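Before any comments, here is the structure.
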Amino acid sequence: MNQNSKTTILFAGYAPVHFVCFQPLYDVFRALPGFEVKLSGGLRSEGGAPGVYKYDLEGLYDPFGIPRDEVVSVEELPGLHFDVGFSSQTNAIHPEVCDRVVQIFHGISFRNRSIRAENSGYDHYFLVGPYMHRNFVEAGLLEEDDPRAIRIGFLKTDRLLNGRLDRSALLAKYGFDGSRPVLLYAPTGQKGNSMEVMGKDVIKRLLKEDRYDILVKLHDHPKKEIDWPKRLAKFDGPHFKVASDLDVIPLLHLADLLITDASSVSSEFSLLDRPMVFLDVPELIERAGRKDGARVDLDTWGRNCGPVAGTPEEACVEVARSLASPERFGEVRQAMARDLFYHPGCATEAATEWIRKEFGVEEGQVALGAGASGVFNQAD
């Protein structure tokens, strides 16, 4: 047993999105008496040999303002003992001893890369929604009534629905006045993504139309190292910005329309029931389908919630058409969001309720809030 008088919590990740997904829980644990939370991992880079990595601890956590006494390096983890470890990525970073481990995930897309054997062996799974639950069962990684499967939702998306984001402040941050539709372009980080295939041409054509404000959110741990901020600098101006946010959620809140390819952001954006346009990346999707244990699913939801554009010209046409008729694909987006997410707007409350019951925290010690979609209901 851990000799610490407090319940010790560890989170370790290697990309900003990993911590963004844990951050709501980080705030909960820090506010609870009797808990101590530590963070580890760091921005990951190749360490010189296959399968060997270096981790920049400060590079990951300093931008979030995390106190130095709350972080521990990967090199310090051997010999350390924690009561509970949380991971939001498949390639988990664990200490030598952890009494139990929890997977909270960092997204859900039609590529379903979270549903694989490497994600087995956790004591608890904070499942994002019914669709993910079905996939885990169909893959044989969880039983239908497996007690490890906890219906939580996706914590980082709560702010899309709970009224805590200020769109006027976000417009001002990027120098937009709100008179033009805001387009958010957020490609996936896989090799052969839409930015590599046609992204610059799409941006060039949209800017030439001179009727949109455009934000680009680059993937925070792409498979192929390309200096996209440098390559896109020529477009910088009053109606084009490369977003500096580590968290895509405020940008989704700001956007009137999303442009993406095979990224999980389309799932998250469905919660807002706003139009989206997909840039076709057939080679990326075909390659994903060849991977061991692949569960690429274009049939259930996939890209059915918006038009798919095969060329930059088609993309511009579909953007204009989608903004003119935002209700198009609306029924699909709404059904998709219901299937993808438990407790939309209230996932943090669902997780907090689980923590309270699991660790015997008195109800008065933690406030359970209400999201814009309604008060958290344990029966959901």
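The values are calculated or read from the model by the stated rules, or taken from the named source; none is laboratory data. Predicted, not measured: the structure shown is a model, and the values here were computed from it. Quick reminder, even Gly has a Cβ in these numbers, built from the backbone with ideal geometry, and neighbours come from all protein chains shown.
Only residues that are surrounded by 14 or more Cβ atoms within 10 Å (Cβ to Cβ) and either of a type in the set (D, E, K, R) or in contact with a Gly (Cβ under 9 Å, 6 or more places away or on another chain) (or both) were counted in segment 222-238, giving 3. Put simply, of Y131, Y122 the only residue that is part of a loop (DSSP other than H, G, I, E, B) and of a type in the set (F, W, Y) is Y122. Yes or no: segment 221-241 includes at least one residue that is within 30 Å of G42 (Cβ to Cβ), touching a Pro at 6+ places or on another chain (Cβ under 6 Å) and not charged (D, E, K, R). No: zero hits. All told, S244 meets the bar of being without any contact (Cβ under 8 Å) to a residue 40 or more places away in the chain and of a type in the set (S, T, Y). For the residues A372, A351, the requirement of being within 22 Å of S267 (Cβ to Cβ), surrounded by 14 or more Cβ atoms within 10 Å (Cβ to Cβ) and at pLDDT 95 or above singles out A351. Counting only strands (runs of 3 or more DSSP E) that sit wholly inside segment 139-256, not one has at least 3 residues that are over 21 Å from the mean Cα position of the chain (by Cα). Scanning segment 281-299 for residues that are farther than 21 Å from R333 by Cβ, among the charged types (D, E, K, R) and exposed (fewer than 15 other Cβ atoms within 10 Å of the Cβ) yields E283, E286, R290, K291, D292. Per this entry, D256 is not counted among residues that are over 22 Å from A335 (Cβ atoms) and of a type outside the set (V, I, T). Filter segment 98-111 for residues that are in contact (Cβ under 8 Å) with a residue 40 or more places away in the chain and surrounded by fewer than 17 Cβ atoms within 10 Å (Cβ to Cβ) and give the result. Selection gives D99 alone.
Residues satisfying the criterion are absent from segment 150-158 (criterion: over 15 Å from L252 (Cα atoms) and not assigned by TED's automatic domain parsing to the domain that holds H18). Here is the figure for segment 60-84: residues that are under 27 Å from V265 (Cβ atoms) and either surrounded by 21 or more Cβ atoms within 10 Å (Cβ to Cβ) or modelled with pLDDT under 95 (or both) total 2. Filtered by the rule that a residue be within 16 Å of the chain's Cα centre (by Cα) and surrounded by 19 or more Cβ atoms within 10 Å (Cβ to Cβ), segment 260-280 gives T260, D261, A262, S263, S264, V265, S266, S267, E268, F269, S270, L271. Restricting to segment 314-333, count the residues that are touching a Lys or Arg at 6+ places or on another chain (Cβ under 7 Å) and not in a loop (DSSP other than H, G, I, E, B). So the answer is 2. Considering only residues in segment 11-46 that are within 22 Å of P78 (Cα to Cα) and free of Cβ contacts under 8 Å to residues at least 24 places away in the same chain, the one that is surrounded by the fewest Cβ atoms within 10 Å (Cβ to Cβ) turns out to be E46.
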